[in-house]
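Quick one: the structure is below, questions incoming.
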Amino acid sequence: MTGPIGVGIGWRPEIAGFVAELPGLRFVEVIAESVPTAGPLPAGLPDLRERGVAVVPHGVRLSLGGAEPVDPARVAHLAAVAVLTDATLVSEHIAFVRAGGLEAGHLLPLPRSREAVTAVCTNVARAQAELPVPIALEPIAALFDWPDDELDEAAFLTEILDRTGAHLLLDVANVYANARNRGTDPLDLLDRLPLERVAYAHVAGGAERDGYYHDTHTDPVPRGALDLVGELCARRRPPALLLERDGNYPPAAVLRAELDTLAAVSGFPVVT
Amino acid sequence: MIPTGPVGVPAARTTGPAVPTLAARQAALVAALAAGAPPPPGFTPEPLAAARRALLRKRAGEVARNWPLLAAGLGPRWPEVFGRWAEGRPTAGAHRDGWDLARDLRAVGELPPLGAEELAVWQAGHRYPKPGRPPRPRRLPSWGHAGSAVAIQFAGRVRLLRPARRRP
């Protein structure tokens, strides 16, 4: 596996200054759609690359789980960002974000059906044919299920990974959120996923609202999600862990403390 | 009657109008979440409604980031005003959404002064974008106004010429 190593953070323009000051940082993730492919990389990223900090382009709008063929222009953009950032890995979600000409504005879950497995595998194969590097697929957090699931989450994900040969980007906060909202056992999922295929893991904060736990990325990481990181590492520590924060950025000291906690829970070197 | 195949081989699923394709079902779900369509059959309504509300909150945040003065001008009323406007209206991109909302509020006389100034500045400096497209800067000298706010653009520089009137 030539993917990222250690504790990293989602690079966003708003916290570029903070990220630049992290002495032990080995990798970041950038939202692929926010990187223009005409012209230079966003300010701050070239300096990180020069320091040897790895960059993983993370797509959020490919809609790999759409029943319609993935848009070749979007795949070409992700491929171009991978080249620009000298990436060794890219990632996207097992989800769809548009259908019937309408944008959902969010990652939506697939039915856990054989038909959906085929749809996502076909689109992943289309993307893999154009991407210069391997792809890691990320299961999402969702508040609802489809009425006609044929497979459970572990079987659904394992089949997609087996058929595509893709790596797994395991979002621990998503596992935590889904288990909380559906009353399922997150440890059972960890026990049944192919953890040897995990390229890296996401961790993010969320909040309770309307009786549901929402994976907001704008709140602190809850203790329960950190405990789940510990459970994951006890089974098989992923090569890398990434803290995601989108909007409502806290003071630097708070973000540093969150990164330190992540390093402590996983046993990775501190990056602050 | 369920069609049967050879022993041990599951029967192929019937296709036709009775069994909508995955594409049609995904389209129906997006329409329900983002365009006010009724929930597709079989889905539990409560979590779907929670997902719809979460989507509206996320959109409100994205539009506020693109139109900070408009959102600030509405203050604590922002989530409610945006939510009422956006409910049942699919996104055309955060920037275009904010632009359309500002124009609609102006039309009914409810655009706050900060929002009027922001709208005037944007209209002076940028072309009204196509849905889903980012706004393009204007090259020729131009001006924009919203209520009593007036902004001009010359050589790529936009200045607010006259601020919006504040209510006494």
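Would you confirm, using the coordinates I've provided, whether B:L119 is part of a loop (DSSP other than H, G, I, E, B), in contact (Cβ under 8 Å) with a residue 12 or more places away in the chain and surrounded by 20 or more Cβ atoms within 10 Å (Cβ to Cβ)? Please lay out each step first, then the result.
Numbers: part of a loop (DSSP other than H, G, I, E, B): no; in contact (Cβ under 8 Å) with a residue 12 or more places away in the chain: yes; surrounded by 20 or more Cβ atoms within 10 Å (Cβ to Cβ): yes.
Taking the combined requirement at face value, the residue does not satisfy it.
Right, something else. Is the stretch B:62-76 home to any residue that is part of a helix (DSSP H, G or I), within 11 Å of chain A (Cβ to nearest Cβ) and closer than 16 Å to A:A104 by Cα? Outline the logic, then answer.
Filtering the stretch B:62-76 for residues part of a helix (DSSP H, G or I) gives B:62-66, B:68-76.
Filter once more, keeping what is within 11 Å of chain A (Cβ to nearest Cβ): B:62-65.
Now restrict to residues that are closer than 16 Å to A:A104 by Cα: B:62-63.
Within the stretch B:62-76, one or more residues are part of a helix (DSSP H, G or I), within 11 Å of chain A (Cβ to nearest Cβ) and closer than 16 Å to A:A104 by Cα.
Pick from B:R89, B:R84, B:R138, B:R165: which is under 30 Å from B:A32 (Cβ atoms), touching a Gly at 6+ places or on another chain (Cβ under 8 Å) and among the basic types (K, R)?
Details: B:R84 fails: touching a Gly at 6+ places or on another chain (Cβ under 8 Å); B:R138 fails: under 30 Å from B:A32 (Cβ atoms); B:R165 fails: under 30 Å from B:A32 (Cβ atoms).
Testing whether each residue is under 30 Å from B:A32 (Cβ atoms), touching a Gly at 6+ places or on another chain (Cβ under 8 Å) and among the basic types (K, R) leaves just B:R89.
Next question, about the same structure. Of the residues that make up the stretch A:109-123, is at least one open to solvent by 20 Å² or more (accessible area, probe 1.4 Å), part of a loop (DSSP other than H, G, I, E, B), in contact with a helix residue (DSSP H, G or I) (Cβ under 6 Å, 6 or more places away or on another chain) and within 14 Å of chain B (Cβ to nearest Cβ)?
Yes: one or more hits.
Can you name the condition, by its number, that A:G183 falls short on among (1) open to solvent by 10 Å² or more (accessible area, probe 1.4 Å); (2) at pLDDT 95 or above?
Condition not satisfied by A:G183: (2).
Run down A:E150, A:E159 and say which single residue is more than 13 Å from chain B (Cβ to nearest Cβ) and either of a type in the set (D, E) or within 17 Å of B:A27 (Cα to Cα) (or both). Let's see the steps before the verdict.
Numbers: A:E150 fails: more than 13 Å from chain B (Cβ to nearest Cβ).
It is A:E159.
Select from the stretch A:29-52 the residues that are free of Cβ contacts under 8 Å to residues at least 40 places away in the same chain and under 19 Å from the mean Cα position of the chain (by Cα) and write down the one among them that is farthest from A:A73 (Cα to Cα). Lay out the reasoning, then the answer.
Here is the first cut: in the stretch A:29-52, the ones free of Cβ contacts under 8 Å to residues at least 40 places away in the same chain are A:31, A:34, A:36, A:38-40, A:42-44, A:46-52.
Next cut, under 19 Å from the mean Cα position of the chain (by Cα) only: A:31, A:34.
Working: A:I31: 16, A:S34: 15 Å.
Ranking the qualifying residues of the stretch A:29-52, first place goes to A:I31.
The values are calculated or read from the model by the stated rules, or taken from the named source; none is laboratory data. Since the structure is predicted, the reported quantities are computational estimates derived from the model, not experimental observations. No Cβ is skipped: glycine too gets one built from the backbone with ideal geometry, and neighbour counts run over all protein chains shown. Accessible surface is based on the protein model in full, side chains and every heavy atom, while ligands, DNA and RNA are left aside. Shrake-Rupley method; radii C 1.70, N 1.55, O 1.52, S 1.80 Å.
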